[in-house]
Amino acid sequence: MQGCPKMCLVRQVFPPSPKLDVRTAVIVSLQKVKVTPGKKIAVAVGSRGITNLKEIVETVLEVLKSAGAKPFIIPAMGSHGGATSEGQKELLAEYGVTEEALKTPIEAAMDATCIGQTAEGVDVFFSEPALQSDGVVVINRVKPHTDFMSDTLGSGILKMLVIGLGKRVGAANFHARASRYGYEHVIRSSARLTLRKAPILCGLALVEDQRHATVRIETLMPEDMEAAETKLYAEAKRLMPQLPVDEIDLLIIDRIGKNISGAGMDPNVIGRSIHGYSSLLADRSTKPVVRRIFARELTAETHGNAVGIGMADFTTARLVRSINKEITFLNALTALTPQSVQIPIHFETDREVLERALETLALPDTRNAKVVRIADTLSLEYLELSEAYFQQGQSLENVERLGSLSSIPWTEEDLPPLRSGKL
């Protein structure tokens with residue numbers, strides 16, 4: 001062990017996106033929806049850290065109320081929030097979605113009803129309060145899914161219909177059947193049944209760019225929802241931020257959590273699967289190849305849910321102490337991914353974790369290790385790269401250096417905030 005490499009702050013130069021007036025975009029998009037005065041409309045809202053979520057929900061409610069409808073909010077979260085009504089309302093409150101702020105009731109009951117079976121015999125569940133409504137508006141961001149790879153479908157409105165609005169029993173049943181028939185197939189077949197049997201009014205699909213900014217808002221009607229989501233998915237996949245390098249000895253992730261990704265840290269970014277990852281002898285056909293991951297903290301918004309920590313090799317003792325085991329284990333058991341919550345090797349300080357992690361790389365000189373540090377897997381504009389990426393005149397495409405290489409300025413044996421103003 002010769003020491004830690006010097007690091008340099010950089011910025012990924014992403015293409016600019018047109019600025020979107022979120023409120024106007026929601027209002028215009030919902031013009032195609034016909035709302036009958038006096039009808040009870042359920043507005044389904046999930047637990048992800050979607051940009052502008054409160055403003056979007058607030059505007060949807062405004063449109064519905066102005067049309068004479070009686071909207072109410074339903075948490076569409078599967079087993080999140082400990083699979084309790086109180087826990088799911090607390091998650092919504094983290095985004096400012098409360099009864100007081102939006103002057104709209106929240107119906108957080110966990111009851112779900114089986115509304116039928118797919119051709120393969122998969123039971124499909126749907127929130128009982130949503131089923132009793134006159135119409136359901138489903139709000140969700142469209143993006144690549146954390147649990148499976150696809151060129152046409154990811155996490156979006158269809159997934160929310162099946163898993164989020166299936167509540168805990170629906171989410172558990174989905175994952176069990178998906179392990180047999182495949183994630184994409186079960187989402188599609190179950191969503192088609194839901195669209196036939198449940199009172200779905202529309203979906204409000206959101207697309208975000210590499211900076212996590214809202215760039216598109218589209219209303220998807222039931223009759224063309226599947227095809228329309230496929231088109232949005234292609235855009236969302238193209239705009240999803242990625243790490244600027246493919247070979248990484250050690251990836252330092254400052255924070256993980258359910259508000260960042262359903263898997264805590266996004267497998268689409270780190271190149272590791274929530275279902276298990278590869279070792280030093282990995283198949284290098286999948287990029288990026290990350291030999292070691294060090295996850296430092298849980299976000300406050302995850303409420304102790306540490307799903308995804310099992311994809312890391314190292315963590316801190318403080319992260320381990322912050323884990324809510326009941327919530328974490330319930331989420332992992334529902335998703336059938338017990339390995340996703342296995343506790344990595346951990347030490348008290350960042351310095352000790354970093355030094356021990358570097359030792360496991362079998363490098364002649366650890367100062368030459370290829371180290372990348374990011375805030376989280378959603379925030380990839382500003383990051384730190386180690387000296388090895390700048391040696392021998394190497395150039396990194398679309399990467400701007402914002403400082404000079406320097407030794408890590410330890411703060412009482414821990415890493416200081418990432419020098420980007422993002423933490």
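The values are calculated or read from the model by the stated rules, or taken from the named source; none is laboratory data. In this text, all values refer to a predicted model and were calculated from it rather than measured experimentally. Quick reminder, even Gly has a Cβ in these numbers, built from the backbone with ideal geometry, and neighbours come from all protein chains shown.
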Of all residues in the stretch 70-100 being touching a residue at least 24 places away in the same chain (Cβ under 8 Å) and of a type in the set (A, V, I, L, M), which is nearest to A300 (Cα to Cα)? L91
In this structure, does Q391 turn out to be without any contact (Cβ under 8 Å) to a residue 40 or more places away in the chain, over 25 Å from S273 (Cα atoms) and in the same structural domain as T299 (by TED's automatic domain parsing)? yes
So which residues in the stretch 327-340 are closer than 14 Å to M311 by Cβ and assigned to a loop (DSSP other than H, G, I, E, B)? A335, T337
If I ask for residues that are surrounded by 21 or more Cβ atoms within 10 Å (Cβ to Cβ) and in a helix (DSSP H, G or I), which ones from the stretch 31-60 would you list? L53, I56, V57, T59, V60
Has the stretch 77-91 got any residue that is on the phi > 0 side of the Ramachandran plot and either more than 21 Å from the chain's Cα centre (by Cα) or at pLDDT 90 or above (or both)? no
Just to be sure I understand, how many residues within the stretch 184-215 are buried (at least 21 other Cβ atoms within 10 Å of the Cβ) and part of a loop (DSSP other than H, G, I, E, B)? 2
Taking R23 and the conditions (1) modelled with pLDDT of 95 or more; (2) buried (at least 21 other Cβ atoms within 10 Å of the Cβ), which numbered condition does it fall short on, given that it satisfies the others? (2)
Tell me yes or no: at least one residue of the stretch 341-352 is charged (D, E, K, R), closer than 22 Å to V269 by Cβ, modelled with pLDDT of 95 or more and part of a helix (DSSP H, G or I). yes
A375 vs (1) in contact with a Cys (Cβ under 7 Å, 6 or more places away or on another chain); (2) modelled with pLDDT of 95 or more: all pass except (1)
Among the residues in the stretch 284-293, are any modelled with pLDDT under 95, in contact with a helix residue (DSSP H, G or I) (Cβ under 8 Å, 6 or more places away or on another chain), on the phi < 0 side of the Ramachandran plot and surrounded by fewer than 24 Cβ atoms within 10 Å (Cβ to Cβ)? yes
List pairs: first residue in the stretch 202-231 and within 14 Å of G154 (Cα to Cα), second residue among the small types (G, A, S) and in a loop (DSSP other than H, G, I, E, B) anywhere in the structure, Cβ distance under 7 angstrom, at least six positions apart or on different chains. A205/G156; E229/G156
In the stretch 70-82, which residues are surrounded by 21 or more Cβ atoms within 10 Å (Cβ to Cβ) and of a type outside the set (S, T, Y)? P71, I73, I74, P75, A76, M77, G78, H80, G81, G82
Select from the stretch 350-405 the residues that are within 28 Å of the chain's Cα centre (by Cα) and of a type in the set (S, T, Y) and write down the one among them that is farthest from D254 (Cα to Cα). S386
Enumeration of residues in the stretch 360-377 that are in contact with a strand residue (DSSP E or B) (Cβ under 9 Å, 6 or more places away or on another chain) and assigned to a loop (DSSP other than H, G, I, E, B): T360, L361, L363, A369, K370, A375, D376, T377
Note: among V138, V162, V169, just one is under 21 Å from L336 (Cα atoms) and either crowded, with 24+ Cβ neighbours inside 10 Å or of a type in the set (S, T, N, Q) (or both), namely V162
List the residue pairs whose Cβ atoms are under 6 Å apart, where the first residue sits in the stretch 14-33 and is outside the structural domain of V137 (by TED's automatic domain parsing), the second is in a helix (DSSP H, G or I) and of a type in the set (S, T, Y), and the two are 6 or more positions apart or on different chains. R23/T59; V26/T59
Looking at (1) assigned by TED's automatic domain parsing to the domain that holds R318; (2) exposed (fewer than 13 other Cβ atoms within 10 Å of the Cβ), which is the only condition S379 fails? (2)
For the structure I just gave you, tell me whether S420 is modelled with pLDDT under 90, in a loop (DSSP other than H, G, I, E, B) and either more than 13 Å from C4 (Cβ to Cβ) or out of contact with any His (no Cβ under 9 Å at 6 or more places or on another chain) (or both). yes
Only listed residue being crowded, with 21+ Cβ neighbours inside 10 Å, outside any helix (DSSP H, G or I) and of a type outside the set (S, T, N, Q), chosen from M225, M265: M265
Would a scan of the stretch 324-331 turn up a residue that is surrounded by fewer than 20 Cβ atoms within 10 Å (Cβ to Cβ) and closer than 25 Å to R356 by Cβ? yes
